[in-house]
Structure formats: structure tokens, C-alpha cells
Amino acid sequence: MINKKLKLNYSKYKNLIIDEIWALIPARSGSKSIKNKNITNLNGKPLMAYSINHAKKTKYIKRIIFSSDSEKYIEIAKKYGCKDFHLRTKETSSDQASEHSVFFDFIKKRLINGKNVPKYFLHLRPTTPMRKISTINKALEMFLKLNKNYTCLRTMTEMSNPSYRTFRIYRNKLMSIIKKDYDIDKYAIPRQNFHNTYFCNTIADVYLTETILKGKLFGNKVFPMVVKDQYCDIDALKDLKLASILIKNNKHITCCIIKRLEIQFWKCTCFILLHSLHV
């Protein structure tokens, strides 16, 4: 659905759109599920710091925009290396505010003041602390090749059970979420009989400024980049606990691999030295 209020004449501002990719990290302060979720401590760092670090390590990113309604959050973001900020209004920080409204507000404020905006945006949600930098780079590289045919790229995860076998409870009875259908038996067939279904995993989304100015965030031609990466989207305390365990385990695995490589290196070095002595 196109929001007519959130539109600008693309042709009028085309000369201010430069061929760059900027990362935008939106972190409002009004979380309901976890108070101050975006700055809550996760293994010694505020949650949003992980996404800032991801943006800093990603290739192709020319600027990192930290978007928030909180001066406190902005000060914390500065400590982690952010230099560009978007102070959001109450309207774009409410529970009902769309993601599109945040990007549009940032772009509009710059354009009407004669400032440049990028052709592409990388959307890094602060509630996703686990990302592979290689996956983000791949997403950007892929979209740069494909953007003539697509309006957006979204990273996706295949569902273990197709969504066709998902139901909702309506008037104390099971109903298919696909349509108003109480005949559950037709869905009691092997999952192989259904098409594979996917969900957006919030690892990385890549947008076109042109699409945003025309009133949409994703557009009608979204490229699905299916990944098998481990990830965690923080929405409740249980998610935070899970992310803490996964990050610790990942660090432990990484340290073990490095240690093994070091041992292997010294074994090879010793072998070469001994061999040279014998020669």
C-alpha cells in the first residue's frame, strides 16, 4: 500500500541522489517488551552496539546513520563510532510508526535542505545482534547486480514447516491462516506436498531511495536471498538469554579454531626447521 503523505517527486530531487550505500540503524527508546531494549546489556555491550559494529565492518558502506528519538541513545552510539544521526519525531517513534516513515523522514529532511542522499540503504535492525559480515557483503553485492530488475533485497530463512500448516484460533476453533477455513484435514498431508515457505530474518534488507520516495519501502519486486545463517531477533527476555548463549558459544568456537590453527602453524614451523637441520 502506497502512503500518499509519504511521497516526494523523485524526478525533482534526482540530482541529489548519489551512487552510494548508507547503513541506517533505527533505534527508538519506547520498547514495550523489554524496557530500553535497544541499549539493554548483552554480554557486556548495549544491544544496538552489535549492529553499529556490523555496519562498520561491512564493505561498500560510505556512511552509518543512527536514527533515534533519544539523545541518550545517540550519545551511546557516539561511543561506538557513529558520526551521523537522525533525530526522530514523536510521529516516527511511536508504536504505530512504519519502518518506511523512518527512512522517508530522514531522506526528506536532507533533500528539502539541498543535501545528498544515497541511491541505496542497508537496513540493520538493532534487535539482530548475530550477523555474518560475509552475508551482509554478499547481499549488497547481489543487489548491486540485480537492482535494475528489483526494488529491494531481503534475507530470508526457510521455514521448517510450511506456513500452510499454520493455524489460528478463532471462536475456540482451529482455522487456517491462509483463508477462513475450518477444514483442517486437508492440511494433514506430508509437508513435501506443500511449497516451501520463508520468513524475513532481519539479517539485512537493502532498499532503493527511489522506491522510498514513491511511497513504499520494499516495492513490488523483492529479491529473496535465502540464507542458512544462525540468527536471533530480540523481542522478549527469552530471546536475549538465547542470544547471550549463542554469542558466547560462537566466541568459544572461534577461539578453539584459532587455537587449533596456531598449533598447526607451530607444528609446520617445527617440521620445516627440523627438516632444514637434517638437510
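The values are calculated or read from the model by the stated rules, or taken from the named source; none is laboratory data. Values in this document were obtained by computation on a predicted structure and should not be read as measured data. No Cβ is skipped: glycine too gets one built from the backbone with ideal geometry, and neighbour counts run over all protein chains shown.
Quick notes
- Within region 205-218, residues that are under 14 Å from residue 106 (Cα atoms) have Cβ atoms under 6 Å from residues that are surrounded by fewer than 24 Cβ atoms within 10 Å (Cβ to Cβ) and acidic (Asp, Glu) in these pairs: 217/99, counting only partners at least 6 apart in sequence or on another chain.
- Elements of type strands (runs of 3 or more DSSP E) in region 133-252, at least 2 residues being more than 18 Å from the chain's Cα centre (by Cα) and outside the structural domain of residue 55 (by TED's automatic domain parsing): 167-170, 173-176
- Looking across region 88-110, the residues that are closer than 15 Å to residue 38 by Cβ and surrounded by fewer than 19 Cβ atoms within 10 Å (Cβ to Cβ) come down to 95, 99.
- Counted as qualifying within region 1-104 are the helices (runs of 4 or more DSSP H) with 3 or more residues that are farther than 19 Å from residue 205 by Cα, namely 10-13, 71-79.
- Residue tally, condition touching a helix residue (DSSP H, G or I) at 6+ places or on another chain (Cβ under 6 Å), within 25 Å of residue 144 (Cβ to Cβ) and either modelled with pLDDT of 95 or more or not assigned by TED's automatic domain parsing to the domain that holds residue 202 (or both), over region 38-60: 3
- In region 75-104, the residues that are touching a residue at least 24 places away in the same chain (Cβ under 8 Å) reach residues that are among the hydroxyl-bearing types (Ser, Thr, Tyr) and surrounded by fewer than 19 Cβ atoms within 10 Å (Cβ to Cβ) with C-beta atoms within less than 8 angstrom, at least six apart or across chains, in these pairs: 93/29.
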